[in-house]
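S.K.: Okay, here's the structure, questions in a sec.
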Amino acid sequence: MIKGAIDNGIYVIVDWHSHNINLDPAGQFFSYIAQKYHGYPNIIYEVFNEPDEESWPDVKAYAEKIIGVIRQYDPKNVILVGCPHWDQDINLPAKDPIKGYQNLMYTLHFYAATHKQALRTRCEQAILQGLPVFISESAGMEASGNGKMDYAAWHKWINFADKHHLSWVVWSISDKDETCSMCYYSARPNCLTYASGFSDSSSEDASSHFCLMSGLVTKPDNFFSPSLRILIAALTSLSC
């Protein structure tokens, strides 16, 4: 998948998808990825998908070690760092950011039907403190990944992201029987090439924003059109 992305001029988030600190295997994984792909600007490293109950000092100490591993081989590609409570406490790294490295960004996750103005305010305050923010997971339903789509709340978030020039990624390309899946549970395996395979989470009702990438695709039937240039895929250690 990484090679396919590189060949097509696509950016890829290579993500250590965990809710717990696993320093040694994460270090081995990112050492391998950075050595193999350090020459490609397509690669974005996400060192810890969603810390849950870990403190920011613990997450920071872990991230500093993994960043050090990556920077041995890749001196400049963007590295994404998570924050406690499922990437909600963006205020904590804003008060105590990692120092000594360049091209670091900090991740915020939101689900529009659950996370409202309070989280946007927290994010805005972090930005005003100079923190570089990247929304590496988002969607229009509840944080469970299920429930109804809240299109009005979704557009408030996307307007907020546009205002602050934030990159954002939508969860997820899957056919699991839940709202956040972009393919219907009953869809054919190659559903991404057919409009009939798309679920409500990627429907045209969500306008030009609620699709996989920010504004580049407006309708399911042109999902693979020539205008498609940027796709950000999250890869776990297992899938690599």
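S.K.: Under 15 Å Cα-Cα from residue 60, which aspartates and glutamates qualify once same-chain neighbours fewer than 8 residues away are excluded?
M.R.: Result set, ordered by chain and number: 46, 50, 52, 87, 89, 96.
S.K.: Each residue of the range 130-136 in turn: what ³J(HN,Hα) in whole Hz from Karplus with 6.51, -1.76, 1.60 and θ = phi - 60°, glycine and Pro shown as x?
M.R.: Running phi through 6.51 cos²θ - 1.76 cosθ + 1.60 with θ = phi - 60° gives x, 7, x, 10, 10, 8, 8 Hz.
S.K.: Among the lysines, which fall within straight-line cross-link reach of residue 156, defined as a Cα-Cα distance under 23 Å, with same-chain neighbours fewer than 8 residues apart omitted?
M.R.: Partners within reach: 116, 148, 219.
S.K.: Just order 50-62, 79-91 by mean Cβ neighbour count inside 10 Å, highest at the front, would you?
M.R.: Going by the mean number of other Cβ atoms within 10 Å, highest first, we get 79-91, 50-62.
S.K.: Could you size up the charge dipole of the range 1-143 around its Cα centre, putting +1 on the beta carbon of Lys and Arg and -1 on that of Asp and Glu, and report it in debye to the nearest 20?
M.R.: In debye, rounded to 20, the range 1-143 gives about 520.
S.K.: Mind listing the long-range amide H neighbours of residue 133? Cut-off is under 5 Å, sequence gap 5 or more, other chains count too, H placed in the peptide plane at 1.01 Å from N.
M.R.: Those lying under 5 Å, H to H, from residue 133 are 106.
S.K.: Further, regarding this structure: Counting only heavy atoms of protein chains, what accessible area per residue, in Å², does the range 74-177 have with a probe of 1.4 Å?
M.R.: That works out to 46 Å² per residue.
S.K.: Further, regarding this structure: At 0.36 nm per residue, minus the direct Cα-Cα distance, what do residue 61 and residue 101 gain on full extension? Give it in nm, one decimal, please.
M.R.: Result: 13.0 nm gained on full extension.
S.K.: Tell me, what ³J(HN,Hα) does each residue in the range 44-53 have, in order and in whole Hz, if you take phi through Karplus 6.51 cos²θ - 1.76 cosθ + 1.60 with θ = phi - 60° and put x for Gly and Pro?
M.R.: Each residue of the range 44-53 in turn: 10, 9, 10, 7, 7, 4, 8, x, 10, 9 Hz.
S.K.: What does the charge dipole of the range 104-192 about its Cα centre add up to, to the nearest 20 debye, if the Cβ of each Lys and Arg holds +1 and the Cβ of each Asp and Glu holds -1?
M.R.: With only Lys, Arg, Asp and Glu charged at Cβ, the dipole is about 200 debye.
S.K.: Any idea how far the Cα center of the range 1-64 sits from the one of the range 95-127, in Å?
M.R.: 18 Å
S.K.: Measuring from label point to label point, each 7 Å out along Cα→Cβ, what is the residue 165 to residue 21 span in nm?
M.R.: Going by the 7 Å Cα→Cβ label model, 3.4 nm.
The values are calculated or read from the model by the stated rules, or taken from the named source; none is laboratory data. Not measured: the values here are computed from a predicted model. Cβ: placed from backbone, ideal geometry, glycine included. Neighbour counts: every protein chain shown. Calculation scope for accessible area: heavy atoms of the full protein, side chains included, ligands and nucleic acids excluded. Shrake-Rupley method; radii C 1.70, N 1.55, O 1.52, S 1.80 Å.
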